[in-house]
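*Asks:* Structure below; questions to follow.
Derivation of every value follows stated rules applied to the coordinates shown; laboratory data play no part. These numbers come from a predicted model, not from an experiment. Glycine also receives a Cβ, built like all others from the backbone with ideal geometry; neighbour counts cover every protein chain displayed.
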Amino acid sequence: MNRTLFVRNRRWFLIGLLALVGVAVFWTFSPGMPVLIGPWAWGSEKQLGEELFNHEWKPNDSLAKGDGVGPVFNDVSCVACHNQGGVGGGGDNSHNVHNYEVLPSERDRELRSGTVHAFSTDPKLKESFTLVRNRFPIIRGSTRTETRDHCSYTITIPDVDPLRQDTVQTTALFGAGWIDKIPSKAITSARRNYMFGSFLKELKAEFDSIPPGRVRILEDGRVGKFGWKAQFATLEEFVAAACANELGLGTPISQQAQPFGSGYPEQEPDLNRKQFNALVAFVNTLPKPIEASPAATEERDRAARGKDLFHSTGCAVCHTPNLGGVKGVYSDFLLHSLTDGQGEGGAPSYGTRRPDVPLPDRHPAESDWKTPPLWGVADSAPYMHDGSAPTLLGAIFAHGGEAKSVRERFNQLGGQDQQAIVAFLNTLKAPPQAKPVQTARK
């Protein structure tokens, strides 16, 4: 009797253990729980957030608890930069942001980054790239002569430029709350599944797979989803950084941007917790972009063919249509190098080189950029991270590096097929329910 009970209990124990192992394996390789319910906020909270989003901030503003806009900033309202296709859209090149990064070198091993702001509340605080350059100059090389085995050798150590700069444009915020809900596991598992599929193709001697992107793992271990370098894990952090850096508004989780090289006095946060939460709630609940099928039959058929070609040429590998239960987002949220050869923005001139001190393992390379979501792309020109492509066709031709093979496949298409892909991209519209911008802004 006891032996029978023992055998029965052992059987159930083994079944339970196998079930636990099965659940663990399933969870490891699953994309996590898909997004089933969209972002939500109280109407009064969204209304306050909208008012703050549209508000033109001033020094010592009555709505601010601190010193208001500044002391250094890039514009005086959120909507000034986020207005294409309605309140919350992207911005044109006139609102591009100029960032810089100081790479670690043998002389100074600290990695630094910052923004050269366009405006300041005090002329004495005006920033410029010249000021940044003066503080982080080129590290001059040297030339020396050595004698070995009765022969003289001249050894030249080139100059080292630790400074690099990038220009990035304002991204649209439509659907940002949905992106915030995408599980990190959806991003990592989609990458793992793609790598497994590429491995199977290589076993069949098919070596045309697009290189997989890289997950941006932040210092605290979270996955980055927001920003051109995927440097923010949550929408709240992204909004806080925009307040601090673009408007000079301190929030409960971030201090306002400090003027370059000056001891500006510390201020109270400009936005209190209620105001900041309302601003985040408004951005969080901005509507999703849509895919708007053309009314005319011919145009609709051309866009449909373009969508098929978008997939068959490989565009959809990085611009993944659906992720984590969010449909039509068209991004894998991974970092990809899109540069052929040496990195762009601020590359050293002839006779200089980058410091050879290694960057932190998780830090993105100079040419690494997060795949931007394509939803709403028809209403967000210009394109690429720096706004260097005025048209969608130009943006496709600008893809290099890891996307070079896709660009070459696109080049092999006939003109009508190329235009069909552009026609499909033009169906990815800003949300029709987005609120119109009330005031024309420069």
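*Asks:* Take the alpha carbon gyration tensor of the stretch 97-178, find the square roots of its eigenvalues, order them as a ≥ b ≥ c, and report rounded if a/c is under 1.5; if not, report prolate when a/b exceeds b/c, else oblate.
*Replies:* Prolate is the answer for the stretch 97-178, as a/c is 1.5 or above and a/b outweighs b/c.
*Asks:* Continuing with this model, one more query. Nearest 20 debye, what's the magnitude of the dipole of the stretch 255-332 about its Cα centre given +1 on Lys and Arg Cβ and -1 on Asp and Glu Cβ?
*Replies:* 240
*Asks:* Need the full-extension length gain, Leu203 to Ile138, defined as separation in residues times 0.36 nm minus the C-alpha distance. One decimal, nm.
*Replies:* 18.6 nm
*Asks:* For the stretch 189-295, what's the relative contact order in percent, using C-alpha pairs closer than 8 Å and at least 6 residues apart?
*Replies:* Averaging sequence separation for qualifying contacts and normalising by length gives 13 percent for the stretch 189-295.
*Asks:* Note the direction-averaged projected area, equal to a quarter of the hull surface, for the Cα convex hull of the chain, in nm².
*Replies:* 34.6
*Asks:* How big is the C-alpha Rg of the stretch 194-348 next to the rule-of-thumb value 2.2 N^0.38 Å, as a ratio?
*Replies:* Rg over 2.2 N^0.38 Å, computed on Cα atoms: 1.42.
*Asks:* Let me ask something else. Report the label-to-label distance for Phe397 and Asn193 in nanometres (one decimal), using points 7 Å from each Cα along the Cα→Cβ vector.
*Replies:* The modelled label-to-label distance comes out at 3.6 nm.
*Asks:* For the chain, what's the relative contact order in percent, using C-alpha pairs closer than 8 Å and at least 6 residues apart?
*Replies:* 22
*Asks:* Another question about this same structure. Sort the following peptides by mean Cβ neighbour count (other Cβ atoms within 10 Å, averaged over residues), highest first: 360-370, 273-283.
*Replies:* My ranking of the peptides, most packed first, is 273-283, 360-370.
*Asks:* A further question on this structure: For the stretch 159-224, restrict the atom set to alpha-carbon positions and state the Rg and Dmax in Å.
*Replies:* Final numbers for Rg and Dmax: 17.4, 47 Å.
*Asks:* Order of Ile421, Ile253, Ile37 from fewest to most other C-beta atoms within 10 Å?
*Replies:* Fewest-to-most ranking of Ile421, Ile253, Ile37: Ile37, Ile253, Ile421.
*Asks:* If you take the charge dipole of the stretch 147-275 about its Cα centre, with +1 on Lys and Arg Cβ and -1 on Asp and Glu Cβ, which of Pro162, Val239, Leu200 is farthest toward its positive end?
*Replies:* Of the candidates, Leu200 comes out farthest on the positive side.
*Asks:* Would you mind ranking Thr297, Thr285, Thr234, Thr188 by Cβ crowding within 10 Å, fewest neighbours first?
*Replies:* Fewest to most other Cβ atoms nearby, the residues stand as Thr297, Thr234, Thr188, Thr285.
*Asks:* With 10 angstrom as the radius, rank Arg214, Arg144 by how many other C-beta atoms surround their C-beta, starting from the fewest.
*Replies:* With the fewest neighbours first, Arg214, Arg144 line up as Arg144, Arg214.
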